[in-house]
Each structure stands twice: as structure tokens, then as C-alpha cells.
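The values are calculated or read from the model by the stated rules, or taken from the named source; none is laboratory data. The structure presented is a predicted model; accordingly, all values stated were derived computationally and were not measured. Cβ coordinates were reconstructed from backbone atoms using ideal geometry, including for glycine residues, and neighbour counts include every protein chain displayed. Please note that ligands, DNA and RNA were not included when accessible areas were found on the heavy atoms of the full protein model with its side chains. Shrake-Rupley method; radii C 1.70, N 1.55, O 1.52, S 1.80 Å.
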Amino acid sequence: MIKLHDIELARDKLKHQLNRTPLLVAKSLSNDAREVRLKLETEQPIGAFKIRGASNAISNLNAEQLARGVVCASTGNHGRALAFAANKVGAKATVCMSSLVPENKIRAIAELGADICIHGNSQDQAQEKVDELVRDQGMTEIPPFDHADIIAGQGTIGLEILEDWPDVDTLIIGLSGGGLISGIALVAKSINKNIRVIGVSPKNCAAMAASLKANKPVEIEEKESIADSLGGGIGLNNRYTFELVRKLVDDVVLLEEKQIEAAITHLYLEENLVTEGAGAAGVSLLLEDALSHQLQKPLGKRIAVVISGGNIDEKQLKQIVKKTPPHF
Ligand SMILES: *Cc1c(COP(=O)(O)O)cnc(C)c1O
């Protein structure tokens, strides 16, 4: 099992490689009754927190594993993070993708120094290629969330928040596979079990919420979401994150697409922040009173929101800001 100590070790290792990100007071979201601070993972290289887990996982490989290289099938922030982190230590990263992945995503990962391997017409077929490279070439697969080193790496966010703000009482965190929230919740609950940990997922892709309801990991049919980094299942053979989320997360709130868009727009106009849907999602809960019905009790008075990433297409951002009415 992963412990607070593993996350402290990860922090010590990552200290020299990664930025400590700011915890910024958000005036536009704070009032007499509450203070809100934003943990800006948008400031990481590659624009998202995934660099923490990927760097930690790579730092735990031995020389032989590094020489054979690492591999994953993620085309999003995890793929970028793995490419970046491997490149930094001179190891080879291979990112497998299906032929349906758009050119700009392929280029972004190739530019970070990874080898690209196009295989098949679906994410599942890309994953088959990963399995083959692990089997035949001895590469090490670094998965996006269900891995002890990944969870420990993401958990370093929790250590930083609690150091900067020891009396924080509520954490709001985007939830997909659950690596991010598991790591942070582990830290928070180990240090002060009264800190509330709230996950947010798009209604359109809420595999963890469905699994919690079913009491076991389940697959769901997903629809597209503006928070594309929160898509994807939790894996039917989930080893870590399902149990951790079940044990440590107090509430999981499901968001409508327009609520996520309102959060992107608010952060852009009121806080001058460029965020992707997954990065902004937590802020929806602070903008939309109706969502509090999904909570077991009202939000606390000292709330930290993890702004997990900023990788949004500029055109898409402009369209969203244009069509979303201002929120008061
Ligand atoms: C991956 C990701 C998440 C969700 O992380 P999980 O560990 O899969 O729950 C949230 N925000 C961004 C920007 C991401 O890239």
C-alpha cells in the first residue's frame, strides 16, 4: 500500500527537477464566508501536473530499464509528461497511438522527443502494441494513473498545498482514473482526517463515479466532454485508485458540460488563467450553487482547487469564452 512516506520520498526526488507551483488566492471566488486558493499546475512544464507522476516513476527505474525505454498509450497529458520526463534523463519514451489521433497531438508528443508508434484504429489496439513492446523489447510501461509511483508523484501536490496553507479544510480535484485525487487525498487524510476531499467529473465520462456506485470497477459508455483529459475508464483490473478513492474521497460531483465551460470562462476573464476543461472543472462547484445538492455537507471556509492543466486549443478557448454568459 502507498503511504505518506512514499509521497514525501517522491517530493524529495522531484524537488530538483520540477517547479513548486503557486497557490494563488482567487479574489473572484472568495467572499466573507470563504477563501478560495488555486493550485496552479498549469505552470508545470507541459502545462499539467502529470509531469510529477511520470518523473517520479522514471526516477525509480534502474539503469537497465532506462536503457530499454518506457512506453505508454496516452495521447494526452500523460503521453506528453512521459515524453518530457524520459527525455530529461536521456531515456527513450515510446508513445503508441491509433491512426485516428489527430496530427497536431502526434506532433506535440514527437516534439518532446518521444518515438511515436501508430498502430490500429482504436485506443485498445494502441494498447496491444504497448503490450507487445513490453513483451518483445523489454520496455517498461508507465500507465497514466493506476501505479504506485504515479500516485505518489501526483500526491506531492497535496504536500505543497498543506505546507502553504496548513488550515485548508476542503480540496476540490478533477477526477478521472483517480491517480491525482488518490495521491492528494492520501496526504490530506494522513495529516488531518477532517480535510474534505471532493472529486469532480464530467457527467459525460464518470467511470469512477459509476464504479463507486457499483462497488467494483465497471466500464461505461462515454460521451465526448470539453474536459477531454477527464475521459477514459478506470480499468476493470484496477489495482490502486478505486480502493483509494472509495476509502479517502468524501464526495464525487458530476458536472454538466456548460458548467465546465462556465468555469473555463470565469478563470479566463476573472483570474487571467488559461485552463483546459479538466483543469477548470473544480471551479464549477464554486460557481453553481445547484451543484451543492450533490454534496453530503456544505463546502468549507478554506477551499483549495487544483487547477490541473492548461492545454486547451486557443480557438476552442475563444469560442467557449464568447458563448458563455458572464457569471455573477
Ligand atoms: C489526467 C488529468 C486529470 C485526471 O487525473 P486522474 O489521475 O486520471 O484522475 C485531471 N486534469 C488533467 C489536466 C489531467 O491531465
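Cβ-Cβ distance of Arg246 and Glu221, R₀ of 30 Å, FRET efficiency by 1/(1 + (r/R0)^6): the value works out to about 0.85. Which lysines, if any, have their Cα less than 26 Å from the Cα of Lys315, not counting same-chain residues under 8 positions apart? Reachable lysines: Lys39, Lys50, Lys105, Lys203, Lys223, Lys258, Lys323. Packing-based ranking of 154-162, 263-271 yields 154-162, 263-271, ordered from highest to lowest mean Cβ neighbour count within 10 Å.
Sort segment 218-328 into rounded, prolate or oblate with this rule: let a ≥ b ≥ c be the square roots of the eigenvalues of the Cα gyration tensor; rounded if a/c is under 1.5, and if a/c is not under 1.5, prolate when a/b is larger than b/c, oblate otherwise. Walk me through the intermediate numbers first.
On the way: a/c = 2.01, a/b = 1.34, b/c = 1.50.
Oblate shape, in that a/c is at least 1.5 and b/c is the bigger or equal ratio.
Per residue, what accessible area does segment 1-139 have, given a 1.4 Å probe and all protein chains present, in Å²? List each step's numbers first, then the result.
Working: 6750 Å² over 139 residues.
I get 49 Å² per residue for segment 1-139.
By the gyration tensor of its Cα atoms, with a ≥ b ≥ c the square roots of the eigenvalues, what is the shape of the chain: rounded for a/c under 1.5, prolate for a/b over b/c, or oblate?
It comes out prolate by the Cα gyration axes.
What is the Cα centroid distance between segment 296-328 and segment 127-165, reported in whole angstrom? Answer, in whole Å: 26. Shown is the FRET efficiency for Asn104 and Glu43, computed with R0 = 22 Å from the Cβ-Cβ distance and rounded to the nearest 0.05: 0.45. Peptides 100-112, 229-241, 199-211 ranked from most to least packed give 199-211, 229-241, 100-112, packing being the mean of other C-beta atoms within 10 angstrom over each peptide's residues.
For the chain, what is the mean residue ellipticity at 222 nm derived from helices alone (per DSSP H run of n ≥ 4: -39500 (n - 2.57); sum divided by total residues; nearest 500 deg cm²/dmol)?
It lands at -13500 deg cm²/dmol.
Separation of segment 35-76 and segment 254-269, taken as the distance between their Cα centroids, equals 26 angstrom. Each peptide among 276-283, 182-189 gets the average number of other Cβ atoms lying within 10 Å of its residues, and from highest to lowest they stand as 276-283, 182-189.
The solvent-accessible area of Phe49, taken with every protein chain present and a 1.4 Å probe, is close to 20 Å².
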